[in-house]
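Structure first, commentary second.
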Amino acid sequence: MGLAIEIEYVTAMEKIMQYGVMSMPALVVNEQVASMGKVLKSKEVETLLKKLI
C-alpha cells in the first residue's frame, strides 16, 4: 500500500474503554474502531485500511 503508519500497542484499560472496545483484540484506525474480538489476517487489515484512510 505504500503508507507510512504508526502502530501503537495499547494495554491501558482506561484508554481501551474510551473507544468502547469490549473484546480483544481490537483495531482502531484514525480514532474509529475498525475491528474487535477477531484476529485479522493481513489481507483483512489491508481491506479495512483502504476503506478508512
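Bear in mind these aren't lab numbers, they're just calculated from the coordinates by the rules spelled out. Model, not experiment: these values are computed from the prediction. Cβ placement follows ideal geometry from the backbone for every residue including glycine, while neighbour counts extend to all protein chains displayed.
Projecting the Cα atoms of THR47, GLN18, GLY2 onto the charge dipole of the chain, computed from C-beta unit charges around the Cα centre, puts THR47 farthest toward the positive end.
Charge dipole (Cα centre; +1 on Lys/Arg Cβ, -1 on Asp/Glu Cβ; no other charges) of the chain amounts to roughly 260 debye.
Starting from the alpha-carbon convex hull of the chain, give the projected area averaged over all orientations, in nm². Before the final figure, lay out each step's value.
Working: hull surface 14.9 nm².
The number I arrive at for the chain is 3.7 nm².
With contacts taken as Cα pairs under 8 Å at a separation of at least 6 residues, the chain carries a relative contact order of 24 percent. Please sort by residue number the trypsin sites (Lys or Arg not before Pro) in the range 24-53 whose DSSP state is loop and whose Cβ has at most 13 other Cβ atoms within 10 Å. Listed in order of number, the matching sites are LYS38, LYS41. The amide H of SER35, built 1.01 Å from its N in the peptide plane, has LEU27 as neighbours under 5 Å, considering only residues 5 or more places off or on other chains.
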